[in-house]
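Taking it in order: structure first as structure tokens, then the write-up.
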Amino acid sequence: MYLKSIFILFFAFALVADAQPEWVPGQVAHDFIYSDKVKSCLLTPMESFTDFPVIEMNSSEKLVLQFDHFDDGVHDYVYVINHCNADWTISELHSNEYVDGFTENYIENYAFSFNTKRAYIHYELALPNQDFTFIKSGNYILSVYDAKQPSNTLFTKRFMVYEKSVLIGADVHQTTLANGRYTDHEVDVIVNFTHVDYVNPIQDVKLSIYQGHRWDNAITNLTPSFIEKKRLVYDFEEESSFQAGNEYRFFDTKSVRYYSEGIQKIIIDSTDVFLLYPDFPRANKSYSFYPDLEGYYVPNIMEKVDSRVEADYVWVNFCLKQKPFLTDGDVYVYGGLTDWNLREDARMVYNEQEACYETSLLLKQGYYNYTYLHFTEEEGKASQEEVDGSFYQTSQDYFVFVYMYDYDYAYDRLLGVRKVTTKGMF
């Protein structure tokens, strides 16, 4: 009996070990949903659904992964954790060099949806857990796949694990450039290396700045403008400036019985349909403040108790009353509801009869933020400015990450994180 148990455990471990996605050192690890059956995929701090996926190493902080899968039966899903360099390429560290435990394990916590029109299975996972702890700081990528189909990755999620090894001073304000004075934010940073020694700060220290949860417009690999003994100063103009954008729009689908914020009509059907009030461009209007969730969303429901398994999926129809753009490009619905990506189903199609750009997304009931981004292949970037304008008064959160290359173990340490915001400044 004892030998049989050992064999079963060995076979289970071998199945997981042989089924891992084929990450290659140097390959860029993107945050992306690959399966259209995966919905409401969130990786957030345990305390909040509306914050950046970053935790302190050797602390009690945890991240929570949760997602729904449209299927009738339970699958054996496996998660894999890989370490990344500061630029999100896969590092050359072996798994036993960055975690204590196993980097590949099964997701065992799941529950079936209850009394919903669209059946789904809700999965959850806490990181770290009893199977492993982090022993190296840095960028990480979480991959999830079906044990029976190891070549088909369901999704990948980025997150960070940081140390408290440096002191980071950061300030965000109107840009000092004349042409962006009323449209841009500038982020200035001072890093104090009080207890850390560096060899070549120009080459070894890397600084990255993220505007909220947006992966697409991050400013990375900034080198210091001044070096003062143990202090690195990053005081730029154009190099560390962002378009400030505008506040996120919002709607509320927590109830199918009451018309909540942003809802024009509810059509009861096999899958209920929520028609939002038409949106109008705000680029040519003056700035107007209203509180938002920085683009995040919170699954929730009014008439029931547990939103994780009792919130239903509904169609949400978006309509942007915008004349056709004269320049080439596409308009996308964007935010946490599109997994912070320019998804194809979020690309809007112009309806000449209704004179609007429109699309529909299948979303779990809850409270949502969203915005519109205009993307052109020629510029290679997406921007709020063409639809909603860009105003320096906009409330934005910025995250500053400081990395340093470790020559002993050959990886990028994440020495510290600092969050700064423009809320209440203007």
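The values are calculated or read from the model by the stated rules, or taken from the named source; none is laboratory data. What you are looking at is a predicted structure, and each value in this text was computed from that prediction instead of being measured. Every residue, glycine as well, gets a Cβ built from its backbone with ideal geometry; the counts of neighbours run over all protein chains shown.
Could you please give the count of residues in segment 234-261 that are surrounded by 15 or more Cβ atoms within 10 Å (Cβ to Cβ), over 25 Å from CYS356 (Cα atoms) and of a type outside the set (Asp, Glu)?
Here the count works out to 10.
Given (1) touching a Gly at 6+ places or on another chain (Cβ under 9 Å); (2) in the same structural domain as VAL172 (by TED's automatic domain parsing), where does ALA311 come up short, assuming only one miss?
Against the list (1) touching a Gly at 6+ places or on another chain (Cβ under 9 Å); (2) in the same structural domain as VAL172 (by TED's automatic domain parsing), ALA311 comes up short only on (2).
Of the residues TYR145, TYR182, which is hydroxyl-bearing (Ser, Thr, Tyr), out of contact with any helix residue (DSSP H, G or I) (no Cβ under 7 Å at 6 or more places or on another chain) and in a loop (DSSP other than H, G, I, E, B)?
Numbers: TYR145 fails: in a loop (DSSP other than H, G, I, E, B).
TYR182 is the lone residue from the list that is hydroxyl-bearing (Ser, Thr, Tyr), out of contact with any helix residue (DSSP H, G or I) (no Cβ under 7 Å at 6 or more places or on another chain) and in a loop (DSSP other than H, G, I, E, B).
Filter segment 176-206 down to the residues that are among the polar types (S, T, N, Q) and at pLDDT 95 or above, then identify the one that is nearest to SER225 (Cα to Cα). Outline the logic, then answer.
The first filter runs over segment 176-206 and keeps only residues among the polar types (S, T, N, Q), leaving 176, 179, 183, 192, 194, 200, 203.
Right, trim to at pLDDT 95 or above and you get 183, 192.
Details: THR183: 24, ASN192: 14 Å.
Among them, the one singled out is ASN192.
Considering VAL387, VAL400, which residue is of a type outside the set (Phe, Trp, Tyr) and either under 22 Å from the mean Cα position of the chain (by Cα) or part of a strand (DSSP E or B) (or both)?
Details: VAL387 fails: either under 22 Å from the mean Cα position of the chain (by Cα) or part of a strand (DSSP E or B) (or both).
The unique qualifying residue is VAL400.
Residues THR176, THR183: which one is in contact (Cβ under 8 Å) with a residue 40 or more places away in the chain, crowded, with 19+ Cβ neighbours inside 10 Å and farther than 23 Å from CYS41 by Cα? Let's see the steps before the verdict.
On the way: THR176 fails: crowded, with 19+ Cβ neighbours inside 10 Å.
Of the residues listed, the single one that is in contact (Cβ under 8 Å) with a residue 40 or more places away in the chain, crowded, with 19+ Cβ neighbours inside 10 Å and farther than 23 Å from CYS41 by Cα is THR183.
Restricting to segment 206-222, name every residue that is of a type in the set (A, V, I, L, M, F, W, C), surrounded by fewer than 21 Cβ atoms within 10 Å (Cβ to Cβ) and in a strand (DSSP E or B).
Listed by number, the residues that qualify are ILE219, LEU222.
Just the residues that are assigned to a loop (DSSP other than H, G, I, E, B), in contact (Cβ under 8 Å) with a residue 24 or more places away in the chain and surrounded by fewer than 15 Cβ atoms within 10 Å (Cβ to Cβ), please, taken from segment 88-102. Before you say what the answer is, go through the steps one by one.
Our first condition is that a residue be assigned to a loop (DSSP other than H, G, I, E, B); within segment 88-102, this holds for 88, 91-94, 102.
Subsequent filtering for residues that are in contact (Cβ under 8 Å) with a residue 24 or more places away in the chain retains 88, 91-93, 102.
The answer is GLU92, and nothing else.
If I filter segment 51-75 down to residues being in contact with a His (Cβ under 9 Å, 6 or more places away or on another chain) and not in a strand (DSSP E or B), which single residue comes out as modelled with the lowest pLDDT? Steps first, please.
To start, the set of residues in segment 51-75 that are in contact with a His (Cβ under 9 Å, 6 or more places away or on another chain) comprises 51-53, 66-69, 75.
Then drop every residue that is not not in a strand (DSSP E or B), which leaves 51-53, 75.
Numbers: ASP51: 96, PHE52: 97, PRO53: 98, HIS75: 91.
Applying the filter and picking the extreme gives HIS75.
Identify, please: which residue in segment 147-164 is of a type in the set (D, E, K, R) and modelled with pLDDT of 95 or more and is, among those, nearest to THR89 (Cα to Cα)? I'd like the intermediate steps shown before the answer.
Going residue by residue through segment 147-164, those that are of a type in the set (D, E, K, R) are 148, 157-158, 163-164.
With modelled with pLDDT of 95 or more added as a condition, the list becomes 157-158, 163-164.
Numbers: LYS157: 14, ARG158: 11, GLU163: 20, LYS164: 23 Å.
Applying the filter and picking the extreme gives ARG158.
So, in segment 262-275, exactly how many residues are within 26 Å of the chain's Cα centre (by Cα) and either of a type in the set (Phe, Trp, Tyr) or exposed (fewer than 13 other Cβ atoms within 10 Å of the Cβ) (or both)?
1
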